[in-house]
Every structure is written in structure tokens, then in C-alpha cells.
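Asks: My questions will all concern the structure given below.
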Amino acid sequence: MDKLRVALVEDQRLFRDGMAALINETGDMEVVSVADNGRHFLDLLPDMKELPQVALIDMNMPEMNGLELAGTLVKTYPEIRVIVLTVHNQERFIVKMIEAGVAGYLVKNCDIDEVRQAIRTAHKTGFYFNEATMLAMRNGYKMKNLQVKSFANIPVELTEREVEVLCLICQEFTNIEIGERLNISPRTVDGHRNNLLAKAGCKNTAGLVLFAVNNNIYDPLIH
């Protein structure tokens, strides 16, 4: 079985080396690229035979920080799932990163098991949001004093099937699993996913979850 390819972008060498060792101890994944800042990482990518599937990136780095790097990766290398590692745990900060298109958000005091779970889940479903991230997504817009419209009043029309697909996406089901539950083909599910991305104006699956939570289509506390 091919191992899941992981990149690690972190300017603190001790943390970077320790994290790389812990990831490499895992049987199903390996660190295939390390860099000490965002610019360095972008310079490495064109020469790689196989791109990393998931990139763990630090927020505060010299030359190019995590927010700038995430924006570039989402636009130029959308196949790479970006998970941010940071000491910041403020709700507004989390929401800003999700809006930028990252697939996951972890604070640096989390344990290695959650890091491994985040890598696997982001690769499988396109995102990894733990309970703290989901709550931040719910509360972040309130803190901004934005008036989030209810589902009945959102300025896009979603079909009943699109709502079903969207809620299952939020629960981390893959296209195949959604197809089995709804008795439709994975290709049809992918078509619904693409329609949802276009209607919601989202960059990726993580953005769809943010859209669903903040428009009261999906409540992480109920599901």
C-alpha cells in the first residue's frame, strides 16, 4: 500500500524534526518534503515527481507566512490539502483560515493522534474540522456582527438532493459513501458537489462546510 505523502512547512527546526519523526513512525504515511518557510516550500514543488497529498504548515514563518502560503496552494496546487498548525486558537482567526481555503486547523498543543487523524481525514474527505473548529465557524460570524441568512433566505436555491449531499459532506462521507446512502453513483455525487461549490461560491469542500454551518443548513451540535 502506498503511503500518504505529507509535507511539513515549519521554521522551528526542533518542532519540525520532532513532528516529522512522529509522522514517519506511522505505518500509512511519510514526510516527503520539509521546508522552513512558505517561499522555500513553493520553490521545492516544481521539482517533485509526486506532490505531497497533505501539507502541514505553520502560521508564523519568515518570508512567507502560513496565510499567504495557504492562499497560493489553494489556487495553484488545489490537490494538496492544507492543514494549518498554530498557537492561535481565536475563533475569528480560525474562520479566516477556513475562508482562505485550508482543509484543517490544529493548535500546536494537540496530540500526535489527532494530527494523524487530521491528515487521513483531510486526504479522504477534503477537510478535517474538530469540534473546536466547528464551534468557531458557528460563532465566528456572530462575532463579526454579520447577518447570516437562514437557509430559506439564502440567495441561492439548493435542491432537496443537494441539501442531502451537503449534509453528508459535512459529516465527512466520501463520494462513494454518499452514493451508497442515497442510491446514486459517485459520479452523480461529484456533480452535486461541483454544483454546490458553484452556487455557494466556495473554493473547496472545506468552504462548503463553512457555508452549510453559517447558513443553518448543518448544525455540528446536532449531527
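Asks: Name the residue that is nearest to ASN60 (Cα to Cα), counting only residues in region 97-107 that are within 10 Å of the chain's Cα centre (by Cα) and assigned to a strand (DSSP E or B).
Replies: TYR105
Asks: Look through ILE94, ILE119 and report the one residue that is in contact (Cβ under 8 Å) with a residue 40 or more places away in the chain, outside any loop (DSSP other than H, G, I, E, B) and touching a Ser or Thr at 6+ places or on another chain (Cβ under 8 Å). Break it down into steps so the answer makes sense when it comes.
Replies: Details: ILE119 fails: touching a Ser or Thr at 6+ places or on another chain (Cβ under 8 Å).
On inspection, the qualifying residue turns out to be ILE94.
Asks: May I pose another question? Residues ARG39, ARG116, ARG92: which one is farther than 19 Å from ASN204 by Cβ and in contact with a Gly (Cβ under 8 Å, 6 or more places away or on another chain)?
Replies: ARG92
Asks: With within 16 Å of VAL9 (Cα to Cα) and in contact with a Ser or Thr (Cβ under 8 Å, 6 or more places away or on another chain) as the only criterion, which of LYS108, LYS124 stands out? Spell out the reasoning first.
Replies: Values: LYS124 fails: within 16 Å of VAL9 (Cα to Cα).
Sole residue among the options that is within 16 Å of VAL9 (Cα to Cα) and in contact with a Ser or Thr (Cβ under 8 Å, 6 or more places away or on another chain): LYS108.
Asks: Any chance region 2-18 includes a residue that's farther than 21 Å from PHE127 by Cα, small (Gly, Ala, Ser) and modelled with pLDDT of 90 or more?
Replies: yes
Asks: Still on this structure: Which residues, counting only those in region 176-202, are out of contact with any Asp or Glu (no Cβ under 9 Å at 6 or more places or on another chain), modelled with pLDDT under 90 and of a type outside the set (Gly, Ala, Ser)?
Replies: Within region 176-202, just CYS202 meets the criteria.
Asks: Collect the residues in region 1-33 that are crowded, with 17+ Cβ neighbours inside 10 Å, out of contact with any Leu (no Cβ under 7 Å at 6 or more places or on another chain), of a type outside the set (Val, Ile, Thr) and farther than 17 Å from ILE80 by Cα, keeping them in residue-number order.
Replies: ASP11
Asks: Please enumerate the residues belonging to region 39-54 that are of a type in the set (Lys, Arg) and out of contact with any helix residue (DSSP H, G or I) (no Cβ under 9 Å at 6 or more places or on another chain).
Replies: Of everything in region 39-54, just one residue is of a type in the set (Lys, Arg) and out of contact with any helix residue (DSSP H, G or I) (no Cβ under 9 Å at 6 or more places or on another chain), namely LYS49.
Asks: Search region 79-101 for residues being of a type outside the set (Lys, Arg) and modelled with pLDDT of 90 or more, and hand back the single one that is surrounded by the most Cβ atoms within 10 Å (Cβ to Cβ).
Replies: Looking at the filtered set, the residue picked out is VAL82.
Asks: Here is a further query. Quick check on region 13-26. Is at least one of its residues part of a loop (DSSP other than H, G, I, E, B), in the same structural domain as ILE80 (by TED's automatic domain parsing) and farther than 27 Å from PHE93 by Cβ? Walk me through it before giving the result.
Replies: Taking region 13-26 as the starting set, the residues that turn out to be part of a loop (DSSP other than H, G, I, E, B) are 25-26.
Narrowing the set further to residues that are in the same structural domain as ILE80 (by TED's automatic domain parsing) leaves 25-26.
Applying the additional criterion that residues be farther than 27 Å from PHE93 by Cβ yields 25-26.
Yes, region 13-26 contains a residue that is part of a loop (DSSP other than H, G, I, E, B), in the same structural domain as ILE80 (by TED's automatic domain parsing) and farther than 27 Å from PHE93 by Cβ.
Here is a yes/no grid of residues against (1) farther than 20 Å from TYR128 by Cβ; (2) in a helix (DSSP H, G or I); (3) assigned by TED's automatic domain parsing to the domain that holds LEU106:
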{"residue": "VAL31", "(1), (2), (3)": "no, no, yes"}
{"residue": "ARG39", "(1), (2), (3)": "yes, yes, yes"}
{"residue": "VAL74", "(1), (2), (3)": "no, yes, yes"}
{"residue": "VAL82", "(1), (2), (3)": "no, no, yes"}
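Asks: Tell me which residues, restricted to region 102-116, are surrounded by fewer than 16 Cβ atoms within 10 Å (Cβ to Cβ) and not aliphatic (A, V, I, L, M).
Replies: Residues satisfying the conditions are ASN109, CYS110, ASP111, ASP113, GLU114.
Asks: Looking only at region 50-72, count every residue that is assigned to a loop (DSSP other than H, G, I, E, B) and either at pLDDT below 90 or small (Gly, Ala, Ser) (or both) and tell me the total.
Replies: Result for region 50-72: 7.
The values are calculated or read from the model by the stated rules, or taken from the named source; none is laboratory data. As the structure is a computational prediction, the values presented were derived from the model and not from experiment. Counting neighbours? That spans all protein chains shown, and the Cβs are built from the backbone with ideal geometry, glycine included.
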